[in-house]
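Reading through the structure tokens given below for one structure.
Values quoted throughout were computed directly from the atomic coordinates according to the rules given, and no laboratory measurement underlies them. The shown structure was predicted, so the numbers you read here are calculated from the model rather than taken from an experiment. Counting neighbours? That spans all protein chains shown, and the Cβs are built from the backbone with ideal geometry, glycine included.
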Amino acid sequence: MAIIITCLYLPLFAQSSNFGSLVEAEIGKRFFKKLEASLSAEWRQREDLGEVDRLSAAAELSFRFNQYIKVGAAYNYIQFNHEKRGWETRHRYIGYVTGNYKYRRVKFSLRERFQSTYREGVKVTAKRANPRFMLRSKFGIDYNIRKSPFEPFISAEMYNTLNDPRKNYVDRIRYEAGTGYKINKKNSLSLSYRYTDYATPEDGDIVHAICVGYKFRL
């Protein structure tokens, strides 16, 4: 169903200069049942897919205490195509904790993620912090369809600034709906539509986006 909706509305989204896309590939390996490591790469486009927004690569390590709680840390190397300054190197450090609760075929999740983003060559001013600290709170719902490789999901994520020199605020809220597709035990795909509501919109911000993901588990 999510794939059909995406195909129907894609031409409508593309009429906006705020339309973009995200393509991500990830490879992961589980150790000792509870410890997992992964590497991923991401490519984003904006301006009706006519301009590269950013390229990034990440390494992540997570540990699941039990069926309810998981913690993790990651490093993300980013090449961001800034509208005014051009290509900019960013280093992002991440720590998070995720809580899960499953009721029958529905899974609820809440993730609290702290991130610190350092931008090379960007000066600290009375209006700008560097590194920039952010708390991202994400609530999601997944539904496991009986005897089906599809697993639809919806989520909402709030970005809260933590060290803005002027005043901390909700920087953006991101909504997403889509579906996962399990090819087999090791390979899976995902397709979703993402809408981002910015507190202070700027040129180049991706408001509407189609996201495609691939995961491989060793």
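Okay, here's what the table says:
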read-out: Among the listed pairs Lys147/Lys186; Lys33/Lys107; Lys34/Lys102; Lys70/Lys147, those beyond 23 Å (Cα-Cα); value: Lys70/Lys147
read-out: Relative packing of peptides 63-73, 174-184 - highest average C-beta neighbours within 10 Å first; value: 174-184, 63-73
read-out: Hz values of 3J(HN,Hα) by residue in the range 177-182 - Karplus curve (6.51, -1.76, 1.60), Gly and Pro given as x; value: 9, x, 8, x, 9, 8
read-out: Partners for Lys127 among lysines (Cα-Cα distance below 20 Å; same-chain residues under 8 apart left out); value: Lys84, Lys167
read-out: Cα gyration tensor shape for the range 71-130, rounded if a/c is under 1.5, else prolate or oblate; value: prolate
read-out: The range 63-143: GluC sites (Glu not before Pro) in DSSP coil with no more than 16 other Cβ atoms inside 10 Å; value: Glu83, Glu120
read-out: Set of aspartates and glutamates with alpha-carbon distance to Lys123 below 19 Å, sequence-local pairs under 8 removed; value: Glu83, Glu88, Asp164
read-out: Rounded to whole Hz, the Karplus (6.51, -1.76, 1.60) HN-Hα couplings of the range 80-86, x for glycine and proline; value: 10, 8, 6, 4, 10, 8, x
read-out: Whole-percent pair-distance distribution, where bins are 10 Å wide, for the alpha carbons of the chain; value: 7, 28, 40, 20, 4, 0
read-out: Helix 2-14 vs. the chain, principal-axis angle (Cα, 0 to 90°, nearest 10); value: 20
read-out: Computed magnitude of the charge dipole of the chain (debye, nearest 20; Cβ of K, R +1, Cβ of D, E -1); value: 1260
